[in-house]
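Following: one structure in structure tokens, then a few remarks.
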Amino acid sequence: MAWRSSGTSNSELIENLWRNEMIKHPEVKSAFLKVDRAHYAPRSPYEDCPQPIGHHATISAPHMHASAVEHLLPFIKPSPERPAPRVLDIGSGSGYLTHVFAELVGKDGKVVGVEHIEPLKELGEKNMKKSKEGREMIEGGK
């Protein structure tokens, strides 16, 4: 059903991922709605397909990001046992998934994106700074 999840806006894309049960938890849906994929994907940001971001790297298809977050949710959302979750995003590329994780870890959580290709590291930081929330996360060390 992933091929039917594309949209014409971020909210439509996320609603379609929800409708097609690629996103199953309301908190995951909320996190994805807060992060506009247009800030991270160079063209056709609301198409459910991977896209090149340079240096032989791609931003994964939205349904793949949704699957990753859904599977990791028990480990990245705050709980009594883990009030301040920590996430290490290795190969953070565009910064999109890093930003979604940051929306889920709560105010005391921490997300670190690691990218070994310097221009992609710079791209991820630049992309996050396109939104007020992303700028605040970077400036606040989240």
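Just so you know, all these numbers are worked out from the coordinates, no wet-lab data involved. Model, not experiment: these values are computed from the prediction. Positions of Cβ are generated from backbone atoms using ideal geometry, with glycine treated the same way; all protein chains shown enter the neighbour counts.
Quick look at the numbers
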{"item": "Glu125-Leu33 FRET efficiency (beta carbon distance; Förster radius 30 Å; 0.05 resolution)", "result": "0.85"}
{"item": "Inter-site label distance for Ser9 and Leu73 at 7 Å from Cα along Cβ, in nm", "result": "2.4 nm"}
{"item": "DSSP beta bridges in the chain [antiparallel fraction, %, rounded to 5]", "result": "40 percent"}
{"item": "Kyte-Doolittle at least -0.5, axis length at least 24 Å by Cα - qualifying DSSP helices, the chain", "result": "none"}
{"item": "Alpha-carbon Rg with Dmax, taken over the chain, Å", "result": "14.2, 41"}
{"item": "Cα→Cβ-extended label distance, 7 Å offset, between Met64 and Asn20, nm", "result": "1.4 nm"}
